[in-house]
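Report on the structure given below.
The values are calculated or read from the model by the stated rules, or taken from the named source; none is laboratory data. Values in this document were obtained by computation on a predicted structure and should not be read as measured data. When we count neighbours, we look across all protein chains shown, and the Cβ atoms used for this are built from the backbone with ideal geometry, even at glycine. SASA here: full protein model, heavy atoms, side chains in, ligands and nucleic acids out. Shrake-Rupley method; radii C 1.70, N 1.55, O 1.52, S 1.80 Å.
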Amino acid sequence: MSNSPPRDPARFGPSTRLVHAGRDPASQHGFVNTPIYRGSTVLFPTYDDLKHRRGRYDYGTSGTPTTDSLTTAWSELAGAAGTVLTPSGLAALTVALMAVVSAGDHLLVTDSAYRPTRIFCDGVLKRFGVEVEYYDPLVGAGIGALMRDTTKAVLVEAPGSQSFEMQDVPAISEVVHARGAAVIMDNTWATPLLFPPHARGVDIAVEAGTKYLSGGSDLLLGLTSANATYWPALHRTFEHFAMCPGPEDVFLGLRGLRTMALRLREHGAQGLAMARWLQARPEVARVLHPALPEDPGHAIWRRDFSGASGLFGVILHPAPERAVAAMLDGLELFGMGFSWGGFESLVIPFDCRTYRTATTWAPEGPGLRFHIGLEDISDLQADLDAGFARLRAASA
């Protein structure tokens, strides 16, 4: 095997590309992994070199060989013209939005967006003069009726955060582009492995590497990629903010990248198995998982996605809060925490009624969001079976 990167990586499958993308052992004395480069100051050999900023690197915020390895690999995976790294998924979203909108612009945001995204839009963007409007995530090509001459971007998320509606991203993109605006997508649920955002019409795609890229529940990282049209604006905005992740976090992202396909495949299979098991539970009114044939968004998922991750929701039949607390408090294997994508299973209660503005969220009963980890399915089912027994007892 040569120490040089493959000459034409596009001819390989996604798992092969994940293993080899962004690596150049020949430039690092044959070592397989790009080392961690820590540093702020870059020295120039001459006055003229410094004056004209000659050289690949000129300051720590402009990147290092470590960050280049990850951004090169991610751009290749996502089909992007370029990628920037940020300290969190939310930071990746803020850079994407700030790259496109200005004071006086109109921004359309799906009503199913990640709640911290809404907080940023309703706080910072509105304070700086951007008009933010929320829309029904099921609007599809009807998005055109909501657009104005001042609409600069439409934010999509598929499936929706917590509520898991499927958006018709290609249909939305076609209409938005015809009006000269940008499509920004939070693609964290699927990653480019399951949904190639730029091939589906997305201009700027955002991923929380905190989730499946990391896989270890020990990393905060964001990735924002753009097509050729929007890459200059994204890169320029990133440079203005200098919102850089730490070198160790970038290294952990690179390490997670190599095994992400295997882990995501297992999370997806585990999640679908648990979703089907929960469908049959008498305590469950419905399961929110687009890979289930009964899900309202299944046809879009089947058309545009090549798989599913391990995150989904359920709506229980009516039950008092004390019963839900009894169920969750006694779980042994499901932790309660506000992230996902790691090796462990998680569950949190959710209620979209507290923040939806363009649509009405009216579930039959309490909502639970599950992330299915890598434990044995039978053990997870036994844990939930005991939890449902507590739910029933506390509801009596």
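Considering segment 151-266, what Rg and Dmax in Å follow from its alpha-carbon atoms?
14.9, 42
I need the peptides 310-322, 152-164 ranked by packing, meaning the mean over residues of other C-beta atoms within 10 angstrom, with the highest value on top.
Ranking, from highest mean packing down: 152-164, 310-322.
Let me see the P(r) profile for segment 49-121: every Cα-Cα distance counted, bins of 10 Å, each bin given as a percent of all pairs.
15, 36, 31, 15, 3, 0
Would you kindly work out the equivalent ellipsoid of segment 279-396 from its C-alpha gyration tensor and give its semi-axes, the square roots of five times the eigenvalues, largest first in whole Å?
23, 19, 14
With a probe of 1.4 Å, find how much accessible area the chain has per residue, and write the answer as a whole number in Å².
Heavy-atom accessible area per residue stands at 44 Å².
Students often forget the sequence filter, so: which lysines lie under 30 Å Cα-Cα from Lys211 once same-chain residues fewer than 8 apart are removed?
Reachable lysines: Lys126, Lys152.
Carbon and sulfur together cover what percent of the accessible area of segment 281-396 at a 1.4 Å probe radius?
The value for segment 281-396 is 56 percent carbon and sulfur by accessible area.
Using a basic spin-label model with each label point 7 Å from the Cα along Cα→Cβ, how many nm lie between Phe12 and Thr354?
Reported label-point gap for Phe12 and Thr354 is 4.5 nm.
Given R₀ = 41 Å, FRET efficiency for Leu43-Ser102 by Cβ-Cβ distance, to 0.05?
With R0 = 41 Å, the Cβ-Cβ based efficiency is 0.65.
For Arg148 and Met336, what is the calculated FRET efficiency with R₀ set at 45 Å and r taken between the beta-carbons, to the nearest 0.05?
The formula returns an efficiency of 0.60 here.
In whole Hz, with x marking every Gly and Pro, tabulate ³J(HN,Hα) for segment 76-83 from phi via Karplus 6.51 cos²θ - 1.76 cosθ + 1.60, θ = phi - 60°.
Running phi through 6.51 cos²θ - 1.76 cosθ + 1.60 with θ = phi - 60° gives 5, 5, 7, x, 10, 6, x, 9 Hz.
Within 10 Å, count the other beta carbons around each residue, average over each peptide in 277-285, 69-77, and list them highest first.
Highest mean packing first, the order is 69-77, 277-285.
Is the C-alpha gyration tensor of segment 106-204 telling us rounded, prolate or oblate? Criteria: a/c under 1.5 is rounded; beyond that, a/b larger than b/c is prolate, otherwise oblate.
oblate
Ranked highest first by the average count of other Cβ atoms within 10 Å around their residues, in what order do 381-387, 287-293 fall?
287-293, 381-387
With a Förster radius of 56 Å, plug the Cβ-Cβ distance of Arg127 and Asp385 into 1/(1 + (r/R0)^6) and report the FRET value to the nearest 0.05.
It comes to 0.70.
So which residue, out of His106, His52, His235, gets the largest mean-square fluctuation from a GNM of the chain using Cα contacts under 10 Å as springs?
With Cα springs under 10 Å in the chain, the top fluctuation among His106, His52, His235 is at His52.
Of the listed values [x] 0.99; [y] 0.95; [z] 1.08, grab the one calculated as Rg/Rh (Cα atoms, Kirkwood Rh) from the structure here.
Entry [x].
How would Met185, Met98 line up by accessible area, probe 1.4 Å, largest first?
Met98, Met185
For the chain, what does the relative contact order come out to in percent, with C-alpha contacts under 8 Å and a separation of six or more?
16 percent
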